[in-house]
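The values are calculated or read from the model by the stated rules, or taken from the named source; none is laboratory data. Note that the coordinates shown come from a computational prediction; the quantities given were computed from them, not determined experimentally. So basically every Cβ, Gly included, is an ideal-geometry build from the backbone, and we count neighbours across all protein chains shown. For the accessible areas, the whole protein counts, side chains as well, though only heavy atoms, and no ligand, DNA or RNA atoms are used. Shrake-Rupley method; radii C 1.70, N 1.55, O 1.52, S 1.80 Å.
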Amino acid sequence: MRYIFSIFIFIFSQQLVWAQTNDSIVVTKKSEGVIVSEFPDSVLKFRVDKPNPKRAGLYAACLPGLGQLYNKQYWKVGLVYVGAGVITGFVISNYKEYNKYRKVYVGMIDSNPQTPNTYENYTVDDVKYLRDGFRQYLEYSIMAAGLGYILNILDAFISAHLKSFDMSKDISYKMRPTLNSNKQVGFALNIQLK
């Protein structure tokens, strides 16, 4: 048995060695000490210095989290999917509870005496109250999912805009105290147009 296993490992390792090919990364340009390379076999080419906000929003709309990947904010992708998972859990839980109490309510108000009453401690009004409550929670969960989806798109769009935001020390406007010709003290607003 050991020999068969050893032969199998030897043949398998030889196949792996033969399957290796040359690297497909092609260095195209070198700017300011940074090597930018293209990946010709890559499906998504996110090698951009300044992201396009419309494209980031479109990516986020197509697949939640993809706009954050395009903006190179990888930590936000986890937050998007954790939020989607939590909201999905609430939707599923509220849907199950709503259906359970809806079926119990229908069973209590039908005119068939053969229908068993599994919730004897509850009145018809109690079950109706629980059914309506879980329906409301279900609707809130679905609205939260829609809001999360919209926030995902807005976050990708705004983050792409802020990637090109000028953070230099040269502020474009300054407030200074001033003394005018009538010897009155005030504030002047100096605006610099770039």
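Assuming 0.36 nm per residue, please report the length gained on full extension of the stretch Asn117 to Leu58 beyond their Cα-Cα distance.
Going from the current span to full extension adds 16.1 nm.
In a shell of Cβ-Cβ distance under 15 Å around Phe90, excluding Phe90 itself, what net charge do Lys and Arg (+1) and Asp and Glu (-1) give?
Once all neighbours under 15 Å are counted, the net charge is 0.
Take segment 52-194, drop everything but the C-alpha atoms, weight them equally and run the Debye formula without solvent; then report log10 I(q)/I(0) at 0.10, 0.16, 0.18, 0.21 Å⁻¹ to two decimals.
Debye output, listed in q order: -0.63, -0.89, -0.98, -1.13.
Per residue, how much accessible surface does segment 126-168 expose to a 1.4 Å probe? Answer in Å², no decimals.
Per residue, segment 126-168 has 70 Å² of solvent-accessible surface.
Return a single number: how many Lys pairs in segment 85-194, at a sequence separation of 8 or more or on separate chains, have alpha-carbon atoms below 19 angstrom apart.
6
Can you give the net charge of the other residues whose Cβ lies under 12 Å from the Cβ of Arg102, counting K and R as +1 and D and E as -1?
In short, +4.
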